[in-house]
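The values are calculated or read from the model by the stated rules, or taken from the named source; none is laboratory data. Quick caveat, the model's predicted, so the values are computed rather than measured. Cβ placement follows ideal geometry from the backbone for every residue including glycine, while neighbour counts extend to all protein chains displayed. In case anyone asks, the SASA skips ligands and DNA or RNA and just uses the protein heavy atoms, side chains included. Shrake-Rupley method; radii C 1.70, N 1.55, O 1.52, S 1.80 Å.
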Amino acid sequence: MHYSIWSLINQALTGNRNWAPVWRDPEPKSHYDIVIVGGGGHGLATAFYLASRYGMKNIAVLEKGWIGSGNIGRNTTIVRSNYLLDGNEPFYEKSLQLWEGLEQDINYNAMMSQRGIINLYHSDAQRDSYVRRGNAMRLHGADAELLNQDQLRSLCPFLDYENARFPIMGGLLQKRAGTARHDAVAWGYARAADQRGVDIIQNCDVTDFLIKDGVCTGVETSKGTIRAGKIGVAVAGSTSRVMAKAGLRLPIESHVLQAFVTEGLKPVIPGVITFGAGHFYISQSDKGGLVFGGDIDGYNSYAQRGNLPVFEDVCEGGMAIMPMIGRARMLRNWGGIMDMSMDGSPIIDKTPIDHLYLNAGWCYGGFKATPASGLCFAHLLARDEPHEVATKLRLDRFRRGAMLDERGAGAQPNLH
Amino acid sequence: MIINHPHLGPRDASEFSILGDASLINRPDWQAGDADDAFYSYLYLRDNPAGLHRELWFHEQGDRSWLVVTRDTVTHAIIDVALASDIAKAATSKMSKVNAGKKTAAKKTAAKKTAAKKTAAKKTAAKKTATKKTTAKKTAAKKTVAKKTATKRDVT
C-alpha cells in the first residue's frame, strides 16, 4: 500500500479496517544471492539500497531479535554532517543528502526535521578550530555558519553566557542538521525493502558462518542453514561476538553509551545544541521531552545499561550551559552498546574471508550515518569495490597507519 | 561499580581510569622477526569478549597503582582484583625461567653436536644436508601445529 493523504483519508472513512501489515513475515529460503546479518537501521538500509539502486534481487535480512531492537531504537536521533576529516566529511554529507530525500525514497514519514545544530565554543582557540571545521565542511559542499555571541543570543537566549569557567562565545551552526524519528527510520526502510522483495526474517539467530578454503558460502541459523552468494554483516554493538564465529579479531571494543530523556515540556530548545568544553548534546523531541547524552562510560560492556558517575557528569554538562533545565524531571535513561573502533571512525569493507563483508565500528555516531552506510555497504556488496565516499573506511587502515582519527586521541577506543 | 583494591579495600570505580584489556601488559619483543604483526595485533586488535574480561584499571584518584580487574562485561560484576605489578612480575619470572631453560637446552644440543661431529667425522656432506633438511621439516611441522592451536586468526 502506498502511503499518502488519500490512503489516510480512505482508511479514516472506512474505520481503519484495511491497514495491511507493514512487512511480510516470510520463512527463510535455503539460498539467497545476498544475506545481510543484522536487521537494524544499517542492515535494513543496505537491503533497501541493494534492491532499489543496485537492482539486486533475492536478498534476505536476518535479525536475531526483532528489527530495530538495537541502537536504531535507542539513540538521541541527531542527524548532522559537521565533520572535519577528508575521509569522513564527504561520507556524512552524502548521508545528510540522503536524509533530505529519505521520506520520498521510502514513502514513510521518518519525521526528519532540519532544525539545525549548534556546537558552542568557549575560547578563542576553539573558535579558530571551529572556523577550520566549518571551512572543511563547506569545501565538501556542506553548510556551516559561524555565529558570534550576539547572533547566538538571538537564537538561544537561555544559555549561560556569563559562566565564569566556560563562557559561551558563540557557535558553529549547521542549519541542515536536525533530528529524525529513530524507529520510524527502521520501520520505513523495512517496509520499503520488503515491498521490493527483500525477505526480513526476525528471531533468526546466526550461530555460525559456513567457511571453506577461505570462502564464506552461507550461515547456520536458528532457522536452519541458509546459503548465500555474499554475506554482509551489519551488527554494530555485537560485531566482535559475531565475527569471532568467523575467526576474526577486530580493532573494536564494545562500550556502553547512556542517553536520557526528561518529562515533556513546552518548546524550549530550538535545535540541537552541543557543549564545547564538556561532552553534552541536547535536543527536544516532538513529544516535548529533552533528549540528551554525553560520554560513553569508558569500560568494555555488553550490558545495555550504564553507571551513575557518567549520569552525573552528563547532567553537570547540561547545567553548565543551560541552567534552566535543572528543574526538569528526568523521565528515563537507557544504555546502548557501541562498536568503539580504534580511531573513532567506522569500517565498511571486505574481510580477509571471500564473500564475507563487514559494516562495523560506528562508535556512537551510527544513526546519522544510516542512509550512507546502507548505500555504501550496498555498493560494496553489489560492485565489490568501495563507494566513492567510503574509500577510506577500510579495515586495513590500522595496519597501514591511515587512521581516520577525528579526535586525535590515538588507538584508545574509550577516548573517541 | 565498586573495585575491591588489594591495599585500600572497596573503592568506587569513578576513582579509577581504565586502559583496556590486560593483555596490554605483554608488550611484544620489538626485535623479534614478526614484530610488525605482533605490534599491529597488540596495538589494535582486541578479543572484546562478552563475559569475563581481564582489564587494566589505574587508581588515578587514589594510590596511583595499576590493577588487573577481572570483570563480567555482561553484568558488570567484578570477580577478581590483583595488583598489575604482581602479575607482571610473575609473568617476567616465568619468562626468565623459560629463557634459562632454553639456554641450558641450547648448550646441551651444542655439546651433542660437537660429539656427533667427532664420532661421525667421516660422514659425507650430502648426509649432513639431508639431516638438516629433516630437522627443517620438523620445525616446519611444529610451526603448523602452533598455527593450528592458535584458534583465532588475526585480521591482516
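Applying the set (1) free of Cβ contacts under 8 Å to residues at least 60 places away in the same chain; (2) on the phi < 0 side of the Ramachandran plot to A:THR46 leaves exactly one unmet item: (1).
Residues that are away from every other protein chain (no Cβ under 11 Å), of a type outside the set (Phe, Trp, Tyr) and part of a strand (DSSP E or B) do not occur anywhere in region B:33-44. Within the option set A:GLY306, A:GLY336, being more than 18 Å from A:SER285 (Cα to Cα), away from chain B (no Cβ under 14 Å), open to solvent by less than 70 Å² (accessible area, probe 1.4 Å) and not in a helix (DSSP H, G or I) holds for one residue only, A:GLY336. Within the set A:VAL235, A:VAL242, A:VAL256, the sole residue that is within 16 Å of the chain's Cα centre (by Cα) and over 20 Å from A:ASP313 (Cα atoms) turns out to be A:VAL235. Looking at B:ALA77, B:ALA88, B:ALA50, B:ALA84, just one residue is at pLDDT 95 or above and either touching a helix residue (DSSP H, G or I) at 6+ places or on another chain (Cβ under 6 Å) or under 19 Å from A:MET342 (Cα atoms) (or both), and that residue is B:ALA50. Just one of the listed residues (A:ARG227, A:ARG196) is more than 22 Å from the chain's Cα centre (by Cα) and either free of Cβ contacts under 8 Å to residues at least 24 places away in the same chain or under 30 Å from A:ALA177 (Cα atoms) (or both), and it is A:ARG196. In region A:282-301, what count of residues is obtained for those that are in contact with a strand residue (DSSP E or B) (Cβ under 7 Å, 6 or more places away or on another chain) and open to solvent by 30 Å² or more (accessible area, probe 1.4 Å)? Qualifying residue count for the region: 2. Residues in region A:229-274 that are farther than 30 Å from A:ARG399 by Cα, away from chain B (no Cβ under 14 Å) and part of a strand (DSSP E or B): A:ALA259, A:PHE260, A:VAL261, A:THR262, A:GLU263, A:GLY264, A:VAL272, A:ILE273, A:THR274. I'd like the residue in region A:373-402 that is within 14 Å of another protein chain (Cβ to nearest Cβ) and in a helix (DSSP H, G or I) and, out of all such residues, is most open to solvent (accessible area, probe 1.4 Å). The residue in question is A:ARG400. The residue that is farthest from A:ASP354 (Cα to Cα), among those in region A:241-261 that are β-branched (Val, Ile, Thr) and open to solvent by less than 10 Å² (accessible area, probe 1.4 Å), is A:VAL256. Scanning region A:278-303 for residues that are over 19 Å from the mean Cα position of the chain (by Cα), away from chain B (no Cβ under 11 Å) and modelled with pLDDT of 95 or more turns up A:GLY288, A:GLY289, A:LEU290.
Of all the listed residues (A:GLY317, A:GLY293, A:GLY344), the sole one being within 23 Å of A:ASN119 (Cα to Cα) and part of a helix (DSSP H, G or I) is A:GLY317.
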